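Undergrad: Structure provided below as structure tokens; questions to follow.
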Amino acid sequence: MARRDSRGIWDRYAKFYDAEVLRFSKAAYERMYQMMASVLTPDMEVLELATGTGLIAINIANSVKSVQATDFSAGMIAAAKRKTSPANVFFSIEDALSISYNDASYDAVIISNALHIMPTPELALAEAKRVLKPGGLLIAPSFTHGHLSNSAWGFSQLVAKIVGLETYSKWLPEEYVAFIQGNGFDVTKWQVLDAAFPLVYLEARPIYG
């Protein structure tokens, strides 16, 4: 299924999104909020790609100047806007593969648990690099599925396809780090967190030239 065809799936899933995150990955997300807050600063303008219902944007808002939180799903953005959010959080519809913002316009870009479900995640990384200011910060946590046996992986893929979703990248943690490095970033920190699937928390800086 092409990624564009999945918009309707995510629109419908928006009403269940927070409950599923809290059910399977609450502790990992709370740890991510803390780790992000420790590296973000009050003068930073942040762009979040694939924000979903805005969980991360809302929880890191007090650590930064502003958060432009985006998602390609109108349903997800609608769910996010129904929440009570800090005044410095702004939600909008954007496709991570083709961002409308200007080059070198953000101090940090966050894209969390999204690259593995994109058929062309390298395009999202190229866009993130484009809109980052020189020396800017990429924060890109991602679930890694490479630990699953072939039978477990096949079953998880079958379930995903039944509901209309698909996981395209079956990375091991080290493979995910290498993927980020291979797409023009210097990985400065990464750590595996316990979640429904191993979750790699990762920070990186763009490499130019």
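No lab work stands behind these numbers, since they all come straight from the coordinates. Being a predicted model, the structure only gives us computed values, none of them experimental. Cβ sites come from the backbone with ideal geometry, for glycine too, and all protein chains shown count toward neighbours.
Undergrad: Let me know the charge dipole size of region 1-138 about its Cα centre in debye, to the nearest 20, where only the beta-carbon of Lys, Arg (+1) and Asp, Glu (-1) is charged. Kindly include the intermediate steps, with their values, before the conclusion.
TA: Details: 15 positive and 15 negative charges, 78 e Å.
So the dipole magnitude of region 1-138 works out to roughly 380 debye.
Undergrad: Something else about it: Label points 7 Å out from Cα along the Cβ direction at residue 26 and residue 41: separation in nm?
TA: Distance between label points: 3.5 nm.
Undergrad: Length gain on complete extension for the stretch residue 174 to residue 15, per 0.36 nm per residue less the alpha carbon to alpha carbon distance?
TA: Values: separation 159, 0.36 × 159 = 57.24 nm, distance 3.33 nm.
Computed gain between residue 174 and residue 15 is 53.9 nm.
Undergrad: Counting only other residues whose beta carbon sits under 12 Å from that of residue 131, what net charge do I get with K and R as +1, D and E as -1? Working shown, then result.
TA: Values: positive: 129, 130, 133; negative: 45, 48, 94, 103, 107, 127.
Around residue 131, the charge tally is -3.
Undergrad: Starting from the Kirkwood Rh over alpha-carbon pairs, what translational D in µm² s⁻¹ does region 46-96 have by Stokes-Einstein at 20 °C and 1.002 mPa s? Numbers along the way, then the final one.
TA: Details: Rh = 10.3 Å.
Estimated via Stokes-Einstein, D reaches 207 µm²/s.
Undergrad: Quick one: what are the phi-derived ³J(HN,Hα) couplings along region 171-181, Karplus 6.51/-1.76/1.60 with θ = phi - 60°, whole Hz, x for glycine and proline?
TA: 8, 7, x, 5, 5, 5, 4, 4, 4, 4, 4
Undergrad: Ok, one more. From the square roots a ≥ b ≥ c of the eigenvalues of the alpha-carbon gyration tensor of region 10-100, which class results: rounded (a/c under 1.5), prolate (a/b over b/c), or oblate?
TA: Oblate is the answer for region 10-100, as a/c is 1.5 or above yet b/c matches or exceeds a/b.
Undergrad: Provide the packing ranking of 50-61, 109-120, 23-34, 175-186, i.e. peptides ordered by the mean count of other C-beta atoms within 10 Å per residue, highest first.
TA: Details: 50-61: 24.0, 109-120: 21.4, 23-34: 15.7, 175-186: 17.2.
Final packing ranking: 50-61, 109-120, 175-186, 23-34.
Undergrad: Please compare each pair in 26/83; 26/133; 83/133 to a cut-off of 26 Å on the Cα-Cα distance and tell me which ones are over it. Kindly include the intermediate steps, with their values, before the conclusion.
TA: On the way: 26/83 18 Å; 26/133 31 Å; 83/133 30 Å.
With Cα atoms farther than 26 Å apart: 26/133; 83/133.
Undergrad: Further question: Work out, step by step, the length gained on full extension between residue 105 and residue 87: first 0.36 nm times the residue separation, then minus their alpha carbon distance; give nm to one decimal.
TA: 4.5 nm
Undergrad: Near the amide H of residue 110, under 5 Å away, which other amide H atoms are found, from residues 5 or more places off or on another chain, if H is placed in the peptide plane?
TA: 47, 48, 49, 139
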